[in-house]
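One structure below.
The values are calculated or read from the model by the stated rules, or taken from the named source; none is laboratory data. Everything numeric here is computed off the predicted structure, so don't read it as measured data. Virtual Cβ from ideal backbone geometry, glycine too; neighbours counted across all protein chains shown. Just the protein is used for accessible areas: all its heavy atoms, side chains included, with ligands, DNA and RNA removed. Shrake-Rupley method; radii C 1.70, N 1.55, O 1.52, S 1.80 Å.
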Amino acid sequence: NLYSPSNERKNDLRNIKVGRTTYDVTVTGPVANTCVQEILDAVRTQGAVIPADAVNALNIVLAQGFNNGSYVTIKRNFFKAGQSAPNFPGGLKLYSGISTTIAPTKDFGITIKVLKTHQVMYPGGELLDFVKENLHNSGRDNRGGGRQGHSSQSARLPDSFDRKQIKFFNGILKGLKVETSHLKYKRKYALTGMHDGTANSTIIEDLNVSVASYFAGQYNIKLAFPNLPLVKAGGKNKLPMELCTLLPNQPYFTSLNTAQQRDMIRKACQKPGEKMNDIIESAEIVKSVSSANTAQDYRFEIDSKAIQLYGRILEPPKIDPNPKNLVSRGAWTMSAVCKSGNIPGSVKLGVVSLLPKHRYTEDLHNKFMDAIKKRATILKIDIAGPNNPLKFSTARDLEKTLSKKKKVPT
């Protein structure tokens, strides 16, 4: 219990109903090693040593506020459940949310880094609709959706699936949560993939009847697609796809294909001003969502104002052609940056060409040196003096010259 509001033990008796079974659950535990008062002291004291448990506790408290506000939590990212999200290739949705990182910051105590983030989600709905949406991808080598705007209503289900299609859906359905309603109550399952047998061909061994016949006799449900593969759900359960409803707000963790990556970049890309406005708005959301939880239970609040840092623009350094003014070990003397004009320093510009003598002419040499000076001017670097004279050398003489240059301090 990292976020105990006060120094007291927690004892709570609850009745939790799962399906048709009710469990008596007792929640009990001691006070955390780091109490909230220590966290408050760390937040309010500038330069204080902030315990690691304090940061972990604050992350839990922050996530608790978002969970109470009907947000989907994925690590430290929060997405509003049921938001009006744009369509994403493959029958998916692209959710926008808030990413938060709590960390100690020098001279500012504990700060929260807030960013706008995006996450591909399963939209929820009939599992058959999702399968139809991805039928055009089931013959490809990649995993996940592809084309944008392909309507599941216009897609036609085949009479049966081949091995390649079963392998494709076995990958993208694994881990998805679905709900069925053919029982007297709704029951949730976690899919483990797609079965290669159909409702007509799969026999329930204990009853010696097919799955299609079982649903017709037990639940008076005549399957519309008895020749489609079943889905594997929790243990040995195998269910017809047409009876499964895909639960919403599930994150899509499968690798994105080329079409999806292109769509992600197009929808998530923003101009700097727009991104800044989104970050400011996200910070306000963090404050409003968390304030009720933090202020009431833990007696501290989040300030949504961004940290402001002050600085000055330094003059660009200039090269002094005077060889007497050396720069120590290649580093600029930063005290001189405050002054306008040249900074004491010596830079010798040398060029080595591996072209043979008959190809590297004097005219080509001058053009090349002029191009370097032009580029230096764009970078606001002054190179004084005429172009270095053109000299030709053998490989052995060049090695001797360079070895001597290494011994000269620069």
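Give the accessible area for ARG299 in Å² (nearest 10); use a 1.4 Å probe, count only protein heavy atoms, and leave out ligands, DNA and RNA.
We get 130 Å² for ARG299.
Ranked by accessible surface with a 1.4 Å probe, highest first, in what order do VAL351, VAL114 come? Please report the intermediate quantities before stating the final value.
Numbers: VAL351 55, VAL114 25 Å².
My answer, sorted largest first, is VAL351, VAL114.
Name the long-range amide H neighbours of VAL209: under 5 Å, sequence gap of 5 or more, or other chain; modelled H, no Pro or chain starts.
So VAL209 has HN proximity to ILE204.
Expected output is a single nm value to one decimal: the length gained when fully extending between LYS374 and GLU281, i.e. 0.36 nm times separation in residues minus the C-alpha distance. What is it? Before the final figure, lay out each step's value.
On the way: separation 93, 0.36 × 93 = 33.48 nm, distance 4.44 nm.
Length gained between LYS374 and GLU281: 29.0 nm.
Quick one: length gained pulling ALA292 to THR111 fully straight, 0.36 nm per residue minus the C-alpha distance? The partial results should precede the final answer.
Details: separation 181, 0.36 × 181 = 65.16 nm, distance 1.87 nm.
Here the segment from ALA292 to THR111 would lengthen by 63.3 nm.
Which value in nm describes the separation of the simple spin-label points at ALA103 and LYS391, placed 7 Å from the Cα toward the beta carbon?
So the label points at ALA103 and LYS391 sit 5.0 nm apart.
Any of LYS80/LYS167; LYS164/LYS238; LYS132/LYS271; LYS80/LYS236; LYS80/LYS174 with alpha carbons more than 31 Å apart? Name them for me. Mind dumping the intermediate values first?
Numbers: LYS80/LYS167 33 Å; LYS164/LYS238 20 Å; LYS132/LYS271 36 Å; LYS80/LYS236 34 Å; LYS80/LYS174 24 Å.
From the list (LYS80/LYS167; LYS164/LYS238; LYS132/LYS271; LYS80/LYS236; LYS80/LYS174), the Cα-Cα distance tops 31 Å for LYS80/LYS167; LYS132/LYS271; LYS80/LYS236.
What's the FRET efficiency of GLU126 with MET264 using the Cβ-Cβ distance as r and R₀ = 25 Å, to the nearest 0.05? Could the numbers behind the result be given before it?
On the way: r = 25 Å, r/R0 = 1.01.
Computed FRET efficiency for GLU126 and MET264 comes out at 0.50.
Only four residue types carry charge here, +1 at the Cβ of Lys and Arg and -1 at the Cβ of Asp and Glu. Report the dipole size of the range 227-290 about the Cα centre in Debye, rounded to the nearest 20.
On the way: 9 positive and 6 negative charges, 67 e Å.
Computed about the Cα centre, the dipole is about 320 debye.
Give me the extension gain from GLN83 to ASP363: residue separation times 0.36 nm, minus the current Cα-Cα distance, reported in nm with one decimal. Provide the component values of the computation, followed by the final result.
Working: separation 280, 0.36 × 280 = 100.80 nm, distance 6.62 nm.
Gain on extension, GLN83 to ASP363, equals 94.2 nm.
Given a Förster distance of 56 Å, report the FRET efficiency between LYS167 and SER70 from their Cβ-Cβ distance, rounded to the nearest 0.05. All intermediate terms of the calculation are to be shown ahead of the outcome.
On the way: r = 37 Å, r/R0 = 0.66.
Efficiency for this residue pair is about 0.90.
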